[in-house]
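Engineer: Encoded as structure tokens, here's the structure I'll be asking about.
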Number of protein chains: 2
Amino acid sequence: MAPTPVQENLVTSNKAYASGFTQGDLALPPAKKYAVVTCMDARIDPAAAYGISLGDAHVIRNAGGNAKDALRSLVISQQLLGTTEIVLVKHTGCGMLTFKNEDAAAVVRQNLGDKAVEGLSAFNGDFQPFPDLEKAVTSDVEFLRGSELIPDSVAISGWVYEVETGRVKSVV
Amino acid sequence: MAPTPVQENLVTSNKAYASGFTQGDLALPPAKKYAVVTCMDARIDPAAAYGISLGDAHVIRNAGGNAKDALRSLVISQQLLGTTEIVLVKHTGCGMLTFKNEDAAAVVRQNLGDKAVEGLSAFNGDFQPFPDLEKAVTSDVEFLRGSELIPDSVAISGWVYEVETGRVKSVV
């Protein structure tokens, strides 16, 4: 198949990146021993906005910057790759503020059919939407602090990124 | 509590970023209608290496660039936010090539105790390691192509990023 414009952009942009690439000897474990959990939102560039230099931190991204969804990755980050701190950042204007599970399931049923709705059991039918941004940050941080899979020694902080201003502010 | 050096770096770096920020009016849905799935690895800067401009694409990251782990986010990306293409990129030197589930469980047991090992059931005790990089790319792409939650109309491609050279190469 002919490459899509998205695939062509990947190849072309990457050639330019690789031609100036000088950091091929970075170590596997993050140099600054931390992991960031943030949203997949297209308006966030974590490296630039959160000051993460190449090699410094694991960056975990999913819909909503969801802590439960990130748990497997966080355990690997800490237990196998030596990180000792978690920075969780959700953001203003998040899509997860705009729907409920039943709304999303209805869209899936309409677009993809009943069988697809059954497939939502892969994540217990829970899209992890939230109605209140700061409460969601706090509750995710509490979930991580309470998890037996995250040692008490791990520093965990929660933040909000404003897509309108580029600013990060501390929540918990 | 006093901020950690990681938190201080976030605040300081973000102030500089926000002071030059001019893209506060980007739309929520990704402008180029695609989602990238890639690894949380600290040596990857997806925006720079894969040519993703702010606002263009969802970026989903987890340990290994795992498709199953990304499923909730991908359904939201497509069904609620209108993306129609997936670019999945795993990478050389991935930590997921270096262990098996029983190794990781043994580390968790030693560091965190038996109760923590029980907590691994949150992700079915499966850390999603893989022994062969290109096979893992292919099998994740096949998983997505076969999922009833991903419409057949979605273009899905699989790639490997070389952390040693900064280069991306096409797999499937």
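The values are calculated or read from the model by the stated rules, or taken from the named source; none is laboratory data. Note that the coordinates shown come from a computational prediction; the quantities given were computed from them, not determined experimentally. For neighbour counting, all protein chains shown are included, and Cβ atoms are generated from backbone atoms with ideal geometry for every residue, glycine included. Side chains included, ligands, DNA and RNA excluded: accessible areas come from the protein's heavy atoms. Shrake-Rupley method; radii C 1.70, N 1.55, O 1.52, S 1.80 Å.
Engineer: Residue check: is A:LEU88 at the interface with another protein chain (Cβ under 7 Å from one of its Cβ atoms) and either open to solvent by 20 Å² or more (accessible area, probe 1.4 Å) or touching a helix residue (DSSP H, G or I) at 6+ places or on another chain (Cβ under 8 Å) (or both)? Even if it seems obvious, please write down each step before you answer.
Structural biologist: Working: at the interface with another protein chain (Cβ under 7 Å from one of its Cβ atoms): no; either open to solvent by 20 Å² or more (accessible area, probe 1.4 Å) or touching a helix residue (DSSP H, G or I) at 6+ places or on another chain (Cβ under 8 Å) (or both): yes.
Judged against the criteria, A:LEU88 is not a match.
Engineer: Restricting attention to the range B:124-147, which residues are free of Cβ contacts under 8 Å to residues at least 40 places away in the same chain and open to solvent by less than 80 Å² (accessible area, probe 1.4 Å)?
Structural biologist: First, the residues of the range B:124-147 that are free of Cβ contacts under 8 Å to residues at least 40 places away in the same chain: B:124-126, B:131-132, B:134-135, B:138-139, B:142, B:145-146.
Scanning the range B:124-147 gives B:GLY125, B:ASP126, B:ASP132, B:THR138, B:SER139, B:GLY146.
Engineer: Look through B:GLY93, B:GLY51, B:GLY55, B:GLY65 and report the one residue that is in a loop (DSSP other than H, G, I, E, B) and open to solvent by 30 Å² or more (accessible area, probe 1.4 Å).
Structural biologist: Criteria check complete, one pass: B:GLY93.
Engineer: Let me ask something else. Looking at the range B:76-83, is at least one residue under 11 Å from the mean Cα position of the chain (by Cα) and within 7 Å of chain A (Cβ to nearest Cβ)?
Structural biologist: From the range B:76-83, those under 11 Å from the mean Cα position of the chain (by Cα) are none; that's our starting set.
Looking for residues that are under 11 Å from the mean Cα position of the chain (by Cα) and within 7 Å of chain A (Cβ to nearest Cβ), one finds none in the range B:76-83, hence no.
Engineer: Quick one: in the range B:148-160, of everything that is facing chain A (nearest Cβ under 8 Å) and crowded, with 18+ Cβ neighbours inside 10 Å, which residue is nearest to the chain's Cα centre (by Cα)? So that I can check it myself, show each step before the final result.
Structural biologist: First, the residues of the range B:148-160 that are facing chain A (nearest Cβ under 8 Å): B:148-149, B:151, B:155, B:157, B:159.
The next check asks that each one be crowded, with 18+ Cβ neighbours inside 10 Å; those that pass are B:149, B:157, B:159.
Working: B:LEU149: 18, B:SER157: 15, B:TRP159: 13 Å.
My answer is B:TRP159.
Engineer: A follow-up question, please. What is the number of the single condition among (1) more than 16 Å from A:PRO46 (Cα to Cα); (2) open to solvent by 40 Å² or more (accessible area, probe 1.4 Å) that B:VAL11 does not meet?
Structural biologist: Checking B:VAL11 against (1) more than 16 Å from A:PRO46 (Cα to Cα); (2) open to solvent by 40 Å² or more (accessible area, probe 1.4 Å), the one that fails is (1).
Engineer: Do the conditions hold for B:GLY82, that is, is it surrounded by 15 or more Cβ atoms within 10 Å (Cβ to Cβ) and in contact with a Lys or Arg (Cβ under 8 Å, 6 or more places away or on another chain)? It would help to see each step written out before you state the result.
Structural biologist: Numbers: surrounded by 15 or more Cβ atoms within 10 Å (Cβ to Cβ): no; in contact with a Lys or Arg (Cβ under 8 Å, 6 or more places away or on another chain): yes.
Answer is no for this residue.
Engineer: On to the next question. Any residue that is open to solvent by 20 Å² or more (accessible area, probe 1.4 Å) and of a type in the set (A, V, I, L, M, F, W, C) - is there at least one of those in the range A:30-43?
Structural biologist: Within the range A:30-43, one or more residues are open to solvent by 20 Å² or more (accessible area, probe 1.4 Å) and of a type in the set (A, V, I, L, M, F, W, C).
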